[in-house]
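Let me begin by presenting the structure, written as structure tokens, before commenting on it.
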Amino acid sequence: MLFLELFGYLLLILVAAEIFVNALEHLGEKLNISEGVTGSLFAAVGTAMPETLVPVLAIFAGTGNAAVNQEIGVGAILGAPLMLSTLTLFLMSVAVLKRRGLRGHFTPEKTGLKRDLDFFLMAFVLAFVAMFVPHGEGWVRGAMAFGMVTIYFVYVMLTLRASAGLVDEGHATEAGSPMMLSRLGAPQNLFFIVVQLVLGLALLVTGAKGFIHGVEAAAPIIGISALLLSLLIIPIATELPEKVNSILWIRKRKDTLAFGNITGAMVFQGTLLPAIGISLTPWAPQKEVLLGVVITLVAAFWLRWAALNGGLRVWHLLVNGALYVTYLTAVLI
């Protein structure tokens with residue numbers, strides 16, 4: 001029954017994310033912004049919302065066990081960038097392997113991709129360093145957390161500033177499907193786009209809250225800690241909508257949207273959420289956590305190097321998949 005309940009909350013999360021992302025695409029088209037902004041900001045934040053809500057709700061309003069709340073929070077915060085930079089990119093390459101071949105090229109808009117990865121690496125290195133700052137040094141941790149929030153704010157400003165030029169170059173956002181509420185007879189205007197956004201967000205909160213309690217109950221049954229379960233299971237479950245969107249976009253050769261959806265989420269989840277973790281949890285260098293952060297940084301540096309040195313090829317992302325397998329092997333065996 002427990003696992004059926006978890007599956008039910010997962011389905012709710014998937015449906016809610018689809019509703020939310022569909023509204024975001026139409027908002028991007030309505031506002032006449034670039035694919036880069038829609039992918040790296042709107043779609044990235046939207047599809048990252050389930051994964052974002054799990055640690056936030058766990059830390060602020062989770063179970064009655066504070067230690068479990070913190071483990072779920074830290075695991076979910078760091079597990080998302082790990083999965084995005086490794087498994088998600090790997091699956092995206094597998095989706096086009098037959099069509100493009102091992103040496104086939106990916107063609108995302110390079111300035112946006114570089115900006116995403118630069119800001120992510122800047123923030124995640126800071127999150128790594130923060131693990132070695134004693135919890136008693138509150139002002140140091142507070143300053144680091146504030147710095148990470150500032151990094152995201154600057155990133156958003158620069159991404160928005162680049163939008164107009166990209167639209168002029170033909171990279172304007174176009175929604176891939178009709179708005180869901182319009183299929184039910186609602187007019188396709190800004191008001192109903194916002195209504196659909198709010199509906200999706202409300203369903204996401206409900207699904208994430210239920211998932212937290214399910215993880216707490218499932219951890220002792222499976223025989224692993226809530227921390228490890230959160231590092232491995234929650235990101236895969238709650239990031240599934242994002243993974244599907246990127247796969248669909250990459251198969252349609254919308255490489256900028258596909259990569260922006262992933263790297264934009266990495267920036268979002270590599271800045272704001274670690275800032276919360278640094279401030280409100282022990283944020284200590286435990287084996288599973290430390291190794292996950294190191295693997296994530298290696299995967300992101302590899303992606304950046306490949307993109308700026310001859311261009312991304314399909315086989316490059318297979319390396320990211322190998323890094324995820326390396327992590328699994330190290331923590332489970």
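The values are calculated or read from the model by the stated rules, or taken from the named source; none is laboratory data. Treat the numbers as computed from the prediction; the structure is a model and nothing was measured. Here the Cβ is made from the backbone with ideal geometry for all residues, glycine too, and neighbour counts use every protein chain on show. Remember, those area values only see protein heavy atoms, side chains included, never the ligands or the DNA or RNA. Shrake-Rupley method; radii C 1.70, N 1.55, O 1.52, S 1.80 Å.
Simple spin-label estimate for Phe301 and Thr111 gives 2.8 nm between the two label positions (7 Å along the Cα-to-Cβ direction from each Cα).
Can I get the semi-axes of the range 291-333's equivalent ellipsoid? Compute them from the C-alpha gyration tensor as square roots of 5 times the eigenvalues, in angstrom, largest first.
Each semi-axis is the square root of five times an eigenvalue, giving 22, 11, 4 Å.
Per residue, the chain exposes an accessible area of 40 Å² to a 1.4 Å probe, with every protein chain left in place.
One chain, two ends: Leu102 and Ile333. Fully extended at 0.36 nm per residue, the span grows by 80.1 nm beyond their Cα-Cα distance.
For Arg313, the residues 5 or more places off, or on other chains, whose built amide H falls under 5 Å of its own are Phe106. Mean projected area of the convex hull spanned by the Cα atoms of the chain, taken over all viewing directions: 16.9 nm².
Protection proxy ranking of 278-285, 89-96, by the mean of other Cβ atoms within 10 Å over each peptide's residues and highest first, is 89-96, 278-285. With the highest mean first, a sort of the peptides 146-153, 200-207 on other beta-carbon atoms found within 10 angstrom per residue produces 200-207, 146-153. When peptides 293-306, 256-269 are sorted by average Cβ neighbour count within 10 Å, with the highest value leading, the order is 256-269, 293-306.
Couplings 3J(HN,Hα) for the range 142-159, derived from phi with the Karplus relation 6.51 cos²θ - 1.76 cosθ + 1.60 (θ = phi - 60°), are x, 5, 5, 4, 4, x, 5, 5, 5, 4, 5, 4, 4, 4, 4, 4, 5, 5 Hz, where x marks Gly and Pro. Between Val325 and Leu31, the modelled labels are 4.1 nm apart [label points 7 Å from Cα along Cα→Cβ]. Of the solvent-accessible surface of the chain, computed with a 1.4 Å probe over protein heavy atoms with every protein chain present, carbon and sulfur atoms account for 70 percent. Relative contact order for the chain: 43 percent, from Cα pairs under 8 Å spaced at least 6 residues apart, divided by residue count. Subtracting the Cα-Cα distance of Ala217 and Leu290 from their residue separation scaled by 0.36 nm leaves 23.8 nm.
Taking 7 Å steps out from each Cα toward its Cβ at Asn189 and Phe7 produces label points 4.4 nm apart.
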